[in-house]
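Participant: Let me give you the structure first, and then I'll get to my questions.
The values are calculated or read from the model by the stated rules, or taken from the named source; none is laboratory data. Everything quoted here is computed from the prediction, not taken from an experiment. Cβ sites come from the backbone with ideal geometry, for glycine too, and all protein chains shown count toward neighbours. Accessible surface areas use protein heavy atoms only, side chains included; no ligands, DNA or RNA. Shrake-Rupley method; radii C 1.70, N 1.55, O 1.52, S 1.80 Å.
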Amino acid sequence: MRRCRRSWVPGVVAALLAVGGLFTGTAVPAVEWEKLSEKDGALVERRAVPGSRIGEIRVTAHSPLAPAAVFETIWKYQEYPEFVPFLKRLNLLSDTGDERVAYEQLALPFVRDRDYTIRFRKRVDPATHRYEIFIESANDAGPPPDGRHVRVTNIRGGWTTEPGPDGKGSLVRYEMQSDPGGRIPAWLADRTQRHAAADLVRAMLKRALEKNGGK
């Protein structure tokens, strides 16, 4: 299994990854989003989360593909080890069709590897062609800490894919907020998370294009 040593991706697959307009059902006070960067088609924003040392990241991008095609790539969780950065292990614990629970391990540079169990729920609106995937921690549904990994907690986020503003292609949003645990300073976790989230979105859209005959 390939290990990509770029930037840290918490709850990727959650990543992916985990990830959120889109929330996991937990009420979040309205806080203004702050623009951090806009590069290579990805707008990255951040906002503070009351009571947490780590902020929430939102990445917005566009794809020439239809929302259904992008969603299909994001929902093909079993293929994540082929292209998601740092994912060294993925065990699907349950799958009811609309909800999945998975255990993941991440191999990270410079710090101890992380692990966590997460729950994914999908919601599809055929009338508006809006697709959502909600991500949240589910450590109680997975294996206990093994002492070799730092357990990641409080993962919350997800994906939204819907038609673009002009009716062409897709508008894709990814949101994620989590605490990597351990002794990683908050400023470093915030900084690496923002880069990692943008890299993940670009990788996901690239994968979708490849799977649909694009380059």
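Participant: In nm, give the distance between the simple-model label positions of Arg130 and Lys211, each being 7 Å from the Cα along the Cα-to-Cβ direction.
Facilitator: Taking the simple label geometry, Arg130 and Lys211 are separated by 2.3 nm.
Participant: On full extension of the chain, what length is gained from Asp40 through Arg123, given 0.36 nm per residue of separation minus the C-alpha to C-alpha distance?
Facilitator: Additional length available on full extension: 27.0 nm.
Participant: Quick check for me: using +1 on Lys/Arg Cβ and -1 on Asp/Glu Cβ, what's the dipole size of region 146-215 about its Cα centre, in debye to the nearest 20?
Facilitator: 220 debye
Participant: A further question follows. Of Lys39/Lys211; Lys39/Lys122; Lys35/Lys168, which pairs sit farther than 27 Å apart, going by alpha carbon to alpha carbon?
Facilitator: In this structure, Lys39/Lys122 exceed 27 Å between Cα atoms.
Participant: Given Cβ point charges of +1 (Lys, Arg) and -1 (Asp, Glu) and nothing else, what value in debye, to the nearest 20, does the dipole of the chain about its Cα centre take?
Facilitator: 700 debye
Participant: Moving to a separate point now. Order the following by accessible area, largest value first: Leu90, Leu200. Probe radius 1.4 Å; ligands, DNA and RNA are ignored.
Facilitator: From most accessible down to least: Leu90, Leu200.
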